[in-house]
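Reading through the structure tokens given below for one structure.
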Amino acid sequence: MKLAWILWLASVLPPPAADSLCLSTTLYLEARDQSVQGQQAVAEVALRRRDSGLWGDSVCSVVTARKQFAPTIVSPNTRLTNTEAWAESVTIALEAERNWALPVGERNEIVPGASHFLAHAIAFPSWRNSYQVATIGDHTFLRVQSLKPRGS
């Protein structure tokens, strides 16, 4: 599957299905070589950002915000070819969405308060020295800004 096709499909699906597809795609592109916990942490950052509304009102708008996540950084011609990794990304994305739908005090948060993450081997953003929440695999999760859910 080509990334461009997946993003087109997400644009025509109803919002809950589109968000699951966008989150799965992001996990695949950002963290398919990471542990389950590392993929869950990436999902948590995307879901926390969605709740804040600063990058958009849906997971798709968050992960396709300019230069924020892999779907806008890699080529639209990128092919998602590892079917095992894709299946795992879908499973983890769906589980992360179910977890995030729980009341705040009942969620299992992997990287509490993390608003950003980076892979030190390939990224050198200006905010890389922010408060480190956790390092999982080769990703470091940071609290660059305090994100509050809209309306709180």
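The values are calculated or read from the model by the stated rules, or taken from the named source; none is laboratory data. These numbers come from a predicted model, not from an experiment. All Cβ positions, glycine included, derive from the backbone under ideal geometry; neighbour counts span all protein chains shown.
Just for the stretch 105-119: of the residues that are in contact (Cβ under 8 Å) with a residue 12 or more places away in the chain and farther than 23 Å from THR25 by Cβ, which one is surrounded by the most Cβ atoms within 10 Å (Cβ to Cβ)?
Across the stretch 105-119, the extreme among qualifying residues is GLY113.
Looking only at the stretch 5-15, decide whether some residue is surrounded by 22 or more Cβ atoms within 10 Å (Cβ to Cβ) and modelled with pLDDT of 95 or more.
Yes; the residues of the stretch 5-15 include at least one that is surrounded by 22 or more Cβ atoms within 10 Å (Cβ to Cβ) and modelled with pLDDT of 95 or more.
Just to verify a result, which residue in the stretch 98-126, among those that are touching a Leu at 6+ places or on another chain (Cβ under 7 Å) and assigned to a loop (DSSP other than H, G, I, E, B), is farthest from ARG50 (Cα to Cα)?
Per the criteria, the residue is PRO125.
Give me the residue from the stretch 71-93 that is within 17 Å of ARG49 (Cα to Cα) and of a type outside the set (Gly, Ala, Ser) and, out of that set, surrounded by the most Cβ atoms within 10 Å (Cβ to Cβ).
Only one residue tops the list, namely PRO71.
Can you list the helices (runs of 4 or more DSSP H) lying wholly within the stretch 1-97 that have 1 or more residues being under 13 Å from the mean Cα position of the chain (by Cα) and under 16 Å from HIS139 (Cβ atoms)?
In the stretch 1-97, 15-31, 36-52, 59-63, 70-73 are the helices (runs of 4 or more DSSP H) which contain 1 or more residues that are under 13 Å from the mean Cα position of the chain (by Cα) and under 16 Å from HIS139 (Cβ atoms).
What residue, of LEU94, LEU80, is modelled with pLDDT of 95 or more, under 22 Å from LEU13 (Cα atoms) and in contact with a Phe, Trp or Tyr (Cβ under 8 Å, 6 or more places away or on another chain)?
LEU80
Give the stretch 28-70 a look and list any residue that's buried (at least 16 other Cβ atoms within 10 Å of the Cβ), among the hydroxyl-bearing types (Ser, Thr, Tyr) and in contact (Cβ under 8 Å) with a residue 60 or more places away in the chain, or say none.
Listed by number, the residues that qualify are TYR28, SER52.
For the stretch 132-152, give me the residue count where each residue is surrounded by 14 or more Cβ atoms within 10 Å (Cβ to Cβ) and assigned to a strand (DSSP E or B).
9
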